[in-house]
Structures are given as structure tokens and as C-alpha cells.
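Everything below concerns the one structure shown next.
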Amino acid sequence: RATPVQDGRFVLCSLTKVAECTRTSETRQELASALDWWYVSQNPMLTAEREEVIRNEWGAEDRLGTEQAWERGFSDLERDTFTYQDFVEDLEGFRGEPTPDLSVDEFVSYVKANQ
């Protein structure tokens, strides 16, 4: 449950994948707001420096298969907590269909939308 406090921050008691959450849509919205606040404004996953690293890691290839994109686009630590299967499922939800490959611009858009 996400609980707003007076200065606009949120207190999180526990987290569950949104797809598995059985709480009301209001609670889901509170959680989404809290996560957006944290990952977009306080601790963004995609900074200008990070985007440059991703683009350099991508190399000269126009498109990479999803496994290569996952390996080059995420750090070792991120891959430890965000499995390849998690990435494939999220990417399919983001694009609305299974995705065999993607460009660096598509990957950056995915990270920006899901940070």
C-alpha cells in the first residue's frame, strides 16, 4: 500500500508486481504515482550518461535480438534482479506483441517508459 505523507512523498509498506495486485484501482494508482515519483525524479534509471553507455554498448548493429539487448542494455546488477524472461514479458506488454529484436532507440524508449 502506498500512503502519501504531507510533503508529497509516499511511504511504501510492501510491493507486488502490478499485474498480481488484487487491490483497488485507487491503490494501484497510488503505487504507480509513488514509483513514478521515485524512479523518474529521484532515482532515474535513464540519465543522459546512462543513455550514452547503452548506445555505446549497443555497437554499430542496427537491431539486436532481445537476449542481446537485455545483456547489453542492463548492468550485471540489473540482470541479477530483472531476468531475461521478465524483460521479454515487459517488452511484450510495452509493444503489445512479441518482439524478436529491437533497435537501440526502441530499447531507450522502453527503459524511459518503464523506469
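The values are calculated or read from the model by the stated rules, or taken from the named source; none is laboratory data. Since the structure is predicted, the reported quantities are computational estimates derived from the model, not experimental observations. Backbone-built Cβ (ideal geometry, glycine too); neighbour counts: all protein chains shown.
Here are the numbers:
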quantity	calculated
Pair list, Cβ < 8 Å and 6+ apart or interchain, from region 21-37 residues that are assigned to a helix (DSSP H, G or I) to residues that are among the polar types (S, T, N, Q) and modelled with pLDDT under 80	E30/T3
Filter pass, E49 being of a type in the set (D, E, K, R), at pLDDT below 95 and within 16 Å of Q115 (Cβ to Cβ)	yes
